[in-house]
Amino acid sequence: MIVDKLEQSLRPPELDMPPYPAKYITLASGEKMVVHQVGREDVPRLLEAVRPLVTVERDFYDIVAARLYAELLAYQRYRVKNEYVLAGTIDGVIVGIVNGRMVDADLGMSYHTVAIKRGLRIGAQLFAAKMEYHMDYLGQQEVLIVAESPIGYRRWMIEYELESRPDTWHELGGVPTHVLTKALWEKHKRMKCTGRRPVSPEMLEVARKLILPSEYPQIPGFKR
Amino acid sequence: MRKVGIAGVGHTKFGRAEIPLVDVLALAALEALDDAGVKTGKGNVDQVFVASMGAGILNRQSSVASALVDTLDLQPAMAETIENGPASGASAVKLGYMAIASGMCDVALVVGGELMRVVTGWEATDFVATMLHPDAEYAYGLTLPAFAGMFTRLYMDKYGVTEKDLAMVAVKNHEHAMHNPVAHIQLVPNFHAIIEDEDAHVINPYVAEPLRVYDVCPVSDGAAALVLCAMDLVDRFPKKPVRIAGIGQATDTHVVAEREIPTDLLAVRLAAERAYAMAGLKPEDIDVAELHDAFTILEIAISEEAGLFPRGEGHLAARRGDTRVGGKLPINTSGGLKAKGHPLGATGVSQIVEIVRQLRGEANGRQVEGAKHGLAVNFGGFGNNVVATILSKEG
């Protein structure tokens with residue numbers, strides 16, 4: 001792709017980010033969810049997976065999905081600095097997506113967590129994977145977090161005992177900011193974050209298919 | 001006393017309701033009235049009993065029975081709201097039974113319902129804990145899961161119950177719920193994944209050790225309803241009513257620590273004995289049971305106290321598969337509180353709805369073949385107010 005000067009000036013300079021090593025988690029159903037980092041080439045597929053949720057008002061799926069949709073576009077087309085995206089898949093089918101970005105060497109910015117399949121704590125596991133990336137792989141000291149839904153508030157703010165910093169600015173707007181510190185991560189990660197590595201090449205190959213979900217529990221009667 | 005039967009049943013899908021409490025109650029009630037062939041309107045229902053533990057506190061609406069009568073256009077039917085903790089539902093059925101048995105009325109509508117998901121899980125847990133002793137228990141932060149955790153630990157030490165036994169009960173009830181379209185949770189956990197896998201500590205974490213997430217019932221909204229009738233009026237109804245053969249109720253100390261043997265659930269034992277005596281039946285006559293498994297350990301303990309298995313052997317029955325559909329004595333064929341859900345006021349009524357469906361042969365994929373007698377045990381407090389109900393198929 002030829003990047004002209006104007007386009008070049010629009011793109012943010014990026015910092016080096018070590019990749020997130022894929023892992024798999026055995027869910028309560030016995031299914032194995034693979035969590036792996038996806039690239040810009042995968043974004044069109046993810047957009048397809050997210051789009052049906054944009055109109056689901058329940059549990060704030062509409063706001064979260066619409067914002068995630070925009071963030072995925074911004075990532076794909078180089079309009080946000082140092083964004084990353086992790087996908088959760090079961091047998092290759094997309095069951096959840098999380099994203100965020102690296103602000104600098106010490107600070108992370110958590111964006112969104114969407115669980116497409118429900119009832120298996122997929123959102124909680126993907127959020128934990130996201131925090132694991134910031135803390136254990138990017139080596140950051142703090143992650144700024146906001147919640148748009150009560151479910152998110154309970155899962156993150158309360159369960160991780162996040163530090164409240166309402167005066168700290170978060171890129172998602174005026175929602176009160178909470179912070180996962182390194183100390184809080186170390187306190188909670190054993191009971192919140194799990195998974196095994198390495199993921200076998202066969203399992204990873206299936207995960208990378210990023211198959212679109214055929215059903216959404218949030219949308220009864222959904223047909224693709 | 002007149003004999004009393006159940007002519008109609010109704011049940012909303014448990015889970016999360018998006019409509020007000022009285023509308024949820026009305027949906028279950030209308031289904032039960034339709035099932036019984038009873039129309040709304042003046043004179044068709046003599047009395048309405050509504051069981052709800054939290055309407056006034058969680059939903060800011062009291063006197064819901066009066067509101068339901070108005071919503072269903074049943075005026076001038078008599079109406080009462082019944083509150084007896086998580087045993088409110090079976091208490092309402094008992095009062096409905098007494099109203100008809102006494103000759104005071106011919107047809108009574110009994111509805112139980114709750115909207116609990118309007119608050120967080122923590123707030124719901126706190127609300128339920130308000131039934132504990134305010135000074136000796138609640139003030140110290142005790143909750144029902146905390147009691148259940150301590151009770152489970154004692155039971156494990158005394159009878160050799162293991163976490164795997166508890167998980168077996170959970171998996172079994174979730175499997176049953178897959179055949180019950182009104183169940184809250186339509187998902188079967190994998191036994192290995194929730195108890196043995198190295199990820200189990202995170203995907204099935206401890207809530208009140210040794211109880212894990214999958215040992216505890218969900219917080220649910222929903223309602224269930226029954227149309228009770230005098231058995232001498234059976235010709236009025238399209239379906240042959242199922243007879244309420246026995247009801248027993250008993251109480252125990254409010255403060256759990258004051259019980260002589262903390263692993264005994266005396267009120268369960270007495271309530272069951274009274275119900276058997278009234279019905280002229282024995283535990284071995286029971287073909288199917290709905291037991292109050294708000295925590296998996298309670299299914300095991302109640303099954304023993306109700307005489308269905310020898311003391312200390314309830315978990316062995318679960319291991320053998322006796323309590324599954326197809327086993328010797330299927331328990332919680334509806335999915336139980338564990339998987340069907342536990343909207344407090346609805347639960348006692350919901351248990352009886354399931355027994356009626358079993359005795360009518362309408363339980364589809366979870367049907368217990370040839371079931372003639374069913375037992376429901378609705379457990380209030382931490383076992384300080386328990387109602388046992390026995391239903392029998394007539395003819």
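The values are calculated or read from the model by the stated rules, or taken from the named source; none is laboratory data. Note that this is a predicted model, so its numbers are computed, not measured. So basically every Cβ, Gly included, is an ideal-geometry build from the backbone, and we count neighbours across all protein chains shown. Just the protein is used for accessible areas: all its heavy atoms, side chains included, with ligands, DNA and RNA removed. Shrake-Rupley method; radii C 1.70, N 1.55, O 1.52, S 1.80 Å.
Okay, here's what the table says:
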| quantity | calculated |
| --- | --- |
| Qualifying position, being more than 24 Å from A:MET135 (Cβ to Cβ) and without any contact (Cβ under 8 Å) to a residue 40 or more places away in the chain, among A:GLY92, A:GLY30 | A:GLY30 |
| Residue within region B:159-174 that is acidic (Asp, Glu), assigned to a helix (DSSP H, G or I) and within 23 Å of B:GLN367 (Cα to Cα) present | no |
| Some residue of region A:157-164 being open to solvent by 20 Å² or more (accessible area, probe 1.4 Å), at positive phi and not in a loop (DSSP other than H, G, I, E, B) | no |
| Options A:LYS192, A:LYS209; residue that is under 20 Å from the mean Cα position of the chain (by Cα), within 14 Å of chain B (Cβ to nearest Cβ) and at pLDDT 95 or above | A:LYS192 |
| Within region B:182-193, tally of residues that are open to solvent by less than 10 Å² (accessible area, probe 1.4 Å) and either touching a Lys or Arg at 6+ places or on another chain (Cβ under 7 Å) or in contact (Cβ under 8 Å) with a residue 60 or more places away in the chain (or both) | 1 |
| Region B:229-284, subset open to solvent by 50 Å² or more (accessible area, probe 1.4 Å) and of a type in the set (A, V, I, L, M, F, W, C), residue nearest to B:GLY103 (Cα to Cα) | B:MET278 |
| Residue list for region A:77-110, filter: closer than 21 Å to A:HIS188 by Cα and open to solvent by 20 Å² or more (accessible area, probe 1.4 Å) | A:ASP106, A:LEU107 |
| Hey, B:LEU291 within 20 Å of B:GLY121 (Cβ to Cβ) and either in contact with a helix residue (DSSP H, G or I) (Cβ under 7 Å, 6 or more places away or on another chain) or among the hydrophobic types (A, V, I, L, M, F, W, C) (or both) or not | no |
| Of the criteria (1) open to solvent by 20 Å² or more (accessible area, probe 1.4 Å); (2) touching a residue at least 60 places away in the same chain (Cβ under 8 Å), which one B:LEU359 fails | (1) |
| B:GLU196 within 12 Å of chain A (Cβ to nearest Cβ) and out of contact with any helix residue (DSSP H, G or I) (no Cβ under 6 Å at 6 or more places or on another chain) | yes |
| Options A:ARG67, A:ARG51; residue that is assigned to a helix (DSSP H, G or I), surrounded by 18 or more Cβ atoms within 10 Å (Cβ to Cβ) and among the basic types (Lys, Arg) | A:ARG67 |
| A:LYS187 being assigned to a helix (DSSP H, G or I) and at pLDDT 95 or above | yes |
| Qualifying residues in region A:192-220 (those that are assigned to a loop (DSSP other than H, G, I, E, B) and basic (Lys, Arg)) - the one most open to solvent (accessible area, probe 1.4 Å) | A:ARG208 |
| Condition broken by A:GLU142, with the remaining ones in (1) within 15 Å of the chain's Cα centre (by Cα); (2) more than 13 Å from chain B (Cβ to nearest Cβ) satisfied | (1) |
| Flag if B:VAL64 is over 29 Å from B:GLU394 (Cα atoms), buried (at least 19 other Cβ atoms within 10 Å of the Cβ) and either modelled with pLDDT of 95 or more or of a type in the set (Phe, Trp, Tyr) (or both) | yes |
| Residue match in region B:172-181 (condition: buried (at least 19 other Cβ atoms within 10 Å of the Cβ), within 11 Å of chain A (Cβ to nearest Cβ) and touching a residue at least 40 places away in the same chain (Cβ under 8 Å)) | yes |
| Number of positions in region B:1-28 that are part of a helix (DSSP H, G or I) and open to solvent by 70 Å² or more (accessible area, probe 1.4 Å) | 1 |
| Lone unmet requirement of (1) assigned to a loop (DSSP other than H, G, I, E, B); (2) touching a residue at least 12 places away in the same chain (Cβ under 8 Å); (3) surrounded by fewer than 16 Cβ atoms within 10 Å (Cβ to Cβ); (4) not aliphatic (A, V, I, L, M) for B:PRO134 | (2) |
| Every residue from region B:29-59 that is surrounded by fewer than 17 Cβ atoms within 10 Å (Cβ to Cβ), part of a loop (DSSP other than H, G, I, E, B) and modelled with pLDDT of 95 or more | B:GLY37 |
| Whichever residue in region B:130-160 is in contact with a Pro (Cβ under 9 Å, 6 or more places away or on another chain) and not polar (S, T, N, Q) and, among such residues, is farthest from B:SER303 (Cα to Cα) | B:MET131 |
| Single unsatisfied condition, A:TRP169 versus (1) touching a residue at least 12 places away in the same chain (Cβ under 8 Å); (2) over 26 Å from B:ASP197 (Cα atoms) | (1) |
| So A:VAL143, is it part of a strand (DSSP E or B), β-branched (Val, Ile, Thr), touching a His at 6+ places or on another chain (Cβ under 9 Å) and within 30 Å of A:PRO52 (Cβ to Cβ) | yes |
| From the options A:GLU215, A:GLU171, A:GLU161, A:GLU202, residue that is among the charged types (D, E, K, R), within 14 Å of chain B (Cβ to nearest Cβ) and more than 30 Å from B:TYR206 (Cβ to Cβ) | A:GLU215 |
| Some residue of region A:24-47 being more than 14 Å from chain B (Cβ to nearest Cβ) and part of a loop (DSSP other than H, G, I, E, B) | yes |
| Residue match in region B:366-373 (condition: in a helix (DSSP H, G or I) and of a type outside the set (Asp, Glu)) | yes |
| The lone exception for B:THR120 - which of (1) modelled with pLDDT under 95; (2) open to solvent by 40 Å² or more (accessible area, probe 1.4 Å) it fails | (2) |
| Subset of region B:203-228 that is in a loop (DSSP other than H, G, I, E, B) and within 14 Å of chain A (Cβ to nearest Cβ) - its residue that is surrounded by the most Cβ atoms within 10 Å (Cβ to Cβ) | B:SER220 |
| Only one of A:LEU120, A:LEU126 that is under 19 Å from B:VAL202 (Cα atoms), part of a loop (DSSP other than H, G, I, E, B), within 14 Å of chain B (Cβ to nearest Cβ) and not polar (S, T, N, Q) | A:LEU120 |
